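**Q** This structure is in structure tokens; I'll ask about it shortly.
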Amino acid sequence: YYYAKIKTSASGTRTVGFRTTPNTKDGTYTIRVENNFGGQYTSDDVNVKVEKGIVTIVAAGDQNYFLGQEVRFSGVNSETGNVYLFITGPNLPANGGLLTDPSYPACGSCTPPVFTVTDVNDDNTWEYKWQTANLPLSPGNYTIYAVESPNDKSQLTSNTLYATVPIIIRDPFVTASVSQGTVQQGNNLFVRGVAEGDPSQGVVIWVIGQNFIAYNTEAVNDDGTFEYEVDGG
């Protein structure tokens, strides 16, 4: 039982808070307000349901990404105000690495704890945009952890709220072909191909010949394709 004796404001109102903890058992609790002064007794009840919170994580897209892409993680944390993130996979620390530098170990026992941390919004949702460019990651299968508290993999227990999402990291690549192997002088020539890995600055087209060199860039479409026209002039 918990008890609070309060004095209302001039308008007859007052706000009282009862704080739950991780040790609060799931269930329905009854809060009663009573007025037993001046020989008059009045009361009112309200039922409050307390249930264990949840932590979720999802990765935008099909969970297959090329190194260099931005990956958006999002989810729900109804338990705490922060989400603690780390990654496990090939050649990474056994108990997880930081998303900003996967080779650097996440550490729940350090002071302060070492994690990639993102805030939880007022509606219990959270989001983190992961920049994979220049990270020391090899192609392979990885797992991203989202935890309610600063616990690395070795510290996860049945009482810890966390969620995981598997992802695949692949090396980006470029393919190219020309519209024809031999072109008449003065005619146009097209270079077409695919550049996977979402290169934001596009691709570079080099034209190299006898006593000649040219350098141009071409944007890449959303589906990874590109086309560059070598003008006949």
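**Q** Restricting to the range 1-50, what's the tally of residues that are of a type in the set (D, E, K, R), part of a loop (DSSP other than H, G, I, E, B) and over 28 Å from LEU161 (Cβ atoms)?
**A** The total comes to 3.
**Q** Restricting attention to the range 149-169, and to residues there that are assigned to a loop (DSSP other than H, G, I, E, B) and in contact (Cβ under 8 Å) with a residue 60 or more places away in the chain, which single residue is farthest from LEU98 (Cα to Cα)?
**A** Among those that are assigned to a loop (DSSP other than H, G, I, E, B) and in contact (Cβ under 8 Å) with a residue 60 or more places away in the chain, it is ASN159.
**Q** Restricting attention to the range 85-106, does a residue exist that is open to solvent by 60 Å² or more (accessible area, probe 1.4 Å), farther than 30 Å from PRO166 by Cβ and part of a loop (DSSP other than H, G, I, E, B)?
**A** No: the range 85-106 contains no residue that is open to solvent by 60 Å² or more (accessible area, probe 1.4 Å), farther than 30 Å from PRO166 by Cβ and part of a loop (DSSP other than H, G, I, E, B).
**Q** A follow-up question, please. Condition first: open to solvent by less than 70 Å² (accessible area, probe 1.4 Å), over 17 Å from LEU92 (Cα atoms) and part of a loop (DSSP other than H, G, I, E, B). Now tell me which residues in the range 110-132 satisfy that.
**A** Within the range 110-132, CYS110, PRO113, VAL120, ASN124 qualify.
**Q** Consider PRO172 carefully, then state whether it is in contact (Cβ under 8 Å) with a residue 40 or more places away in the chain, within 28 Å of TYR142 (Cβ to Cβ), in contact with a strand residue (DSSP E or B) (Cβ under 6 Å, 6 or more places away or on another chain) and of a type outside the set (S, T, N, Q).
**A** Criteria met by PRO172.
**Q** Hey, could you check the range 215-225 for residues that are at pLDDT 90 or above and either of a type in the set (Gly, Ala, Ser) or touching a Pro at 6+ places or on another chain (Cβ under 9 Å) (or both) and say which is most open to solvent (accessible area, probe 1.4 Å)?
**A** Among those that are at pLDDT 90 or above and either of a type in the set (Gly, Ala, Ser) or touching a Pro at 6+ places or on another chain (Cβ under 9 Å) (or both), it is ALA219.
**Q** Filter the range 38-61 down to residues that are farther than 26 Å from ASN23 by Cα and touching a strand residue (DSSP E or B) at 6+ places or on another chain (Cβ under 9 Å) and give me whichever is most open to solvent (accessible area, probe 1.4 Å).
**A** TYR41
**Q** So for the range 173-185 (the condition being open to solvent by 80 Å² or more (accessible area, probe 1.4 Å) and closer than 20 Å to ALA133 by Cα), does at least one residue qualify?
**A** Yes: the range 173-185 contains one or more residues that are open to solvent by 80 Å² or more (accessible area, probe 1.4 Å) and closer than 20 Å to ALA133 by Cα.
**Q** Which one of these is out of contact with any His (no Cβ under 8 Å at 6 or more places or on another chain) and either closer than 30 Å to CYS110 by Cβ or open to solvent by 50 Å² or more (accessible area, probe 1.4 Å) (or both): TYR162, TYR228?
**A** Exactly one of TYR162, TYR228 is out of contact with any His (no Cβ under 8 Å at 6 or more places or on another chain) and either closer than 30 Å to CYS110 by Cβ or open to solvent by 50 Å² or more (accessible area, probe 1.4 Å) (or both), namely TYR162.
The values are calculated or read from the model by the stated rules, or taken from the named source; none is laboratory data. Since this is a predicted model, take the numbers as computed values, not measurements. Here the Cβ is made from the backbone with ideal geometry for all residues, glycine too, and neighbour counts use every protein chain on show. Each accessible area value is taken on the protein alone, full model and side chains, heavy atoms only, with ligands, DNA and RNA left out. Shrake-Rupley method; radii C 1.70, N 1.55, O 1.52, S 1.80 Å.
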